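Asker: There's a structure below that I have some questions on.
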Amino acid sequence: GAGVSQSPSNKVTEKGKDVELRCDPISGHTALYWYRQRLGQGLEFLIYFQGNSAPDKSGLPSDRFSAERTGESVSTLTIQRTQQEDSAVYLCASSLAYVLAGWGGNTEAFFGQGTRLTVV
Amino acid sequence: GESVGLHLPTLSVQEGDNSIINCAYSNSASDYFIWYKQESGKGPQFIIDIRSNMDKRQGQRVTVLLNKTVKHLSLQIAATQPGDSAVYFCAENLYSGAGSYQLTFGKGTKLSVIP
């Protein structure tokens, strides 16, 4: 497809179980972001991938959270031993994020529709 | 625990009036800024952008103003309509090294339009 695709769109899991969320970015986009959004709140940065550089993991809230990305393709966000506080919408975004002749280039980020995670 | 810092400020505007949503950004080296609109149950969507060599840019019913002196960005919506009710996020683009840029999002403002 032409946009960012996330799956599943909804996930209900029992406390203590592991979950894996998937993001398919727009083809050719080197940058990929994961955000968490609790109900009625803003975007909470989790992790950022840029090409083959080391990811910026500074937003991951605990060691239960991890994310992988192979090259410039699919990314998975894994939450181990889920807690009720993990319930939120997890949003993925991708963008071109490169330097063009000393200028930032078009780095608009495109978002997926998100995965709504409910931990019961 | 709850992230108090992420609770959204709310702006209530009468239908037909103009709306102004403000955003303070953090880094004077940021050179590209974007406003996003997020409707209920959807992901954020691009509204308008502006580069640091400009101080104003206009779109359809929207205008973005950039004041680099005080690191302030604003989004003006003319003749606000019920369909404008949403959460609005600003984002700044910052060089993150190794030839790449990273977008950083503000906390967001919830706009409620009163019919």
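Asker: Filter the range A:58-78 down to residues that are at pLDDT 90 or above, more than 20 Å from residue A:8 (Cα to Cα) and open to solvent by 50 Å² or more (accessible area, probe 1.4 Å), then give me how many there are.
Answerer: Number satisfying all stated conditions: 2.
Asker: For the range B:14-91, please list each of the strands (runs of 3 or more DSSP E) lying entirely inside it that holds at least 2 residues being in contact with a Ser or Thr (Cβ under 6 Å, 6 or more places away or on another chain).
Answerer: It comes to B:19-24, B:72-77.
Asker: Looking at the range A:24-35, which of the residues that are open to solvent by less than 20 Å² (accessible area, probe 1.4 Å) and at the interface with chain B (Cβ under 9 Å from one of its Cβ atoms) is farthest from residue A:58 (Cα to Cα)?
Answerer: So, considering only residues that are open to solvent by less than 20 Å² (accessible area, probe 1.4 Å) and at the interface with chain B (Cβ under 9 Å from one of its Cβ atoms), the one farthest from residue A:58 (Cα to Cα) is A:31.
Asker: Still on this structure, please answer the following. Among the numbered conditions (1) out of contact with any Leu (no Cβ under 8 Å at 6 or more places or on another chain); (2) within 11 Å of chain B (Cβ to nearest Cβ), tell me where residue A:15 comes up short.
Answerer: Residue A:15 satisfies every listed condition except (2).
Asker: Hey, can you tell me all the residues within the range B:54-112 that are among the aliphatic types (A, V, I, L, M) and over 14 Å from the mean Cα position of the chain (by Cα)? Quick ask: steps written out before the conclusion?
Answerer: Kept after step one, since they are among the aliphatic types (A, V, I, L, M), are these residues of the range B:54-112: B:54, B:62, B:64-66, B:70, B:73, B:75, B:77-79, B:86-87, B:91, B:94, B:98, B:103, B:111.
Result: B:54, B:70, B:78, B:79, B:94, B:98.
Asker: Looking at the range A:43-64 only, could you name the residues that are at the interface with another protein chain (Cβ under 10 Å from one of its Cβ atoms) and either in a strand (DSSP E or B) or not polar (S, T, N, Q) (or both)?
Answerer: Once the filter is applied, which keeps residues that are at the interface with another protein chain (Cβ under 10 Å from one of its Cβ atoms) and either in a strand (DSSP E or B) or not polar (S, T, N, Q) (or both), the range A:43-64 yields A:43, A:44, A:45, A:48, A:50, A:51, A:54, A:56, A:61.
Asker: Within the range B:37-77, track down each residue that is hydroxyl-bearing (Ser, Thr, Tyr) and either surrounded by fewer than 12 Cβ atoms within 10 Å (Cβ to Cβ) or without any contact (Cβ under 8 Å) to a residue 40 or more places away in the chain (or both). Talk me through it step by step, then tell me what you get.
Answerer: Filtering the range B:37-77 down to residues hydroxyl-bearing (Ser, Thr, Tyr) leaves B:40, B:52, B:63, B:69, B:74.
Residues satisfying the conditions are B:40, B:52, B:63, B:69.
Asker: Can you name the residue in the range B:13-23 that is touching a strand residue (DSSP E or B) at 6+ places or on another chain (Cβ under 6 Å) and surrounded by 12 or more Cβ atoms within 10 Å (Cβ to Cβ) and is also farthest from residue B:77 (Cα to Cα) among such residues?
Answerer: B:23
The values are calculated or read from the model by the stated rules, or taken from the named source; none is laboratory data. None of these values were measured; they are calculated from a predicted model. All Cβ positions, glycine included, derive from the backbone under ideal geometry; neighbour counts span all protein chains shown. We work out accessible area using only protein heavy atoms, side chains counted, and drop any ligands, DNA or RNA first. Shrake-Rupley method; radii C 1.70, N 1.55, O 1.52, S 1.80 Å.
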